[in-house]
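Report on one structure; see the data block that follows.
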Amino acid sequence: MLGMAWPILSGIVLLMVGPGLLVGYMEGWSIFDSLYFTFVTGLTIGYGDLVPRLLLSRLLVIVIGFAGIMLSGLVVAICVQALLVTAREHR
C-alpha cells in the first residue's frame, strides 16, 4: 500500500521543499529556516515567526500550503486504508 503511494508522497514533498527553499533564498533565510518554514506552513501550523515579505514569496507559499494539505490528506488516507485492511484480515 505504501509502496504504491510512495511516488505520490515523494512528489508532494518535493512540491513543498522546492518552493520552500526558493522562498528562503529570496527572503535571505538559512536552509534550516527555509525547511522549518516549509513544513510549519505545509502542515498548516503557521507559528508566524518567519513571514515572507516579497509578493513572489507569498505566492509560492500558497503552493506550499496546498501541497501540505494534499500531503496530510494522503497520509490520512493511507492510514485509514491500512486500518481497513487490518480489520478485514482479523474477522
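General observations
- Of all the criteria given as (1) part of a helix (DSSP H, G or I); (2) in contact (Cβ under 8 Å) with a residue 12 or more places away in the chain, the one not satisfied by residue 87 is (2).
Residue by residue, here is whether (1) open to solvent by 30 Å² or more (accessible area, probe 1.4 Å); (2) outside any helix (DSSP H, G or I) holds:
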| residue | (1), (2) |
| --- | --- |
| 15 | yes, no |
| 21 | yes, no |
| 35 | yes, no |
| 38 | no, no |
| 45 | yes, yes |
| 51 | yes, yes |
| 58 | yes, no |
| 63 | yes, no |
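- Scan of the range 49-91 for residues that are of a type in the set (Gly, Ala, Ser) and more than 18 Å from residue 28 (Cβ to Cβ), ordered by number: 65, 67, 68, 72, 73, 77, 82, 87
- Qualifying residues in the range 23-33 (those that are in a helix (DSSP H, G or I) and without any contact (Cβ under 8 Å) to a residue 40 or more places away in the chain) - the one most open to solvent (accessible area, probe 1.4 Å): 25
- Of residues in the range 1-13 being in contact (Cβ under 8 Å) with a residue 24 or more places away in the chain and open to solvent by 80 Å² or more (accessible area, probe 1.4 Å), the one nearest to the chain's Cα centre (by Cα): 8
The values are calculated or read from the model by the stated rules, or taken from the named source; none is laboratory data. Here the structure is a predicted model, which means the values were calculated and not measured. Here Cβ is always computed from backbone atoms with ideal geometry, including for glycine, and neighbour counts include all displayed protein chains. Remember, those area values only see protein heavy atoms, side chains included, never the ligands or the DNA or RNA. Shrake-Rupley method; radii C 1.70, N 1.55, O 1.52, S 1.80 Å.
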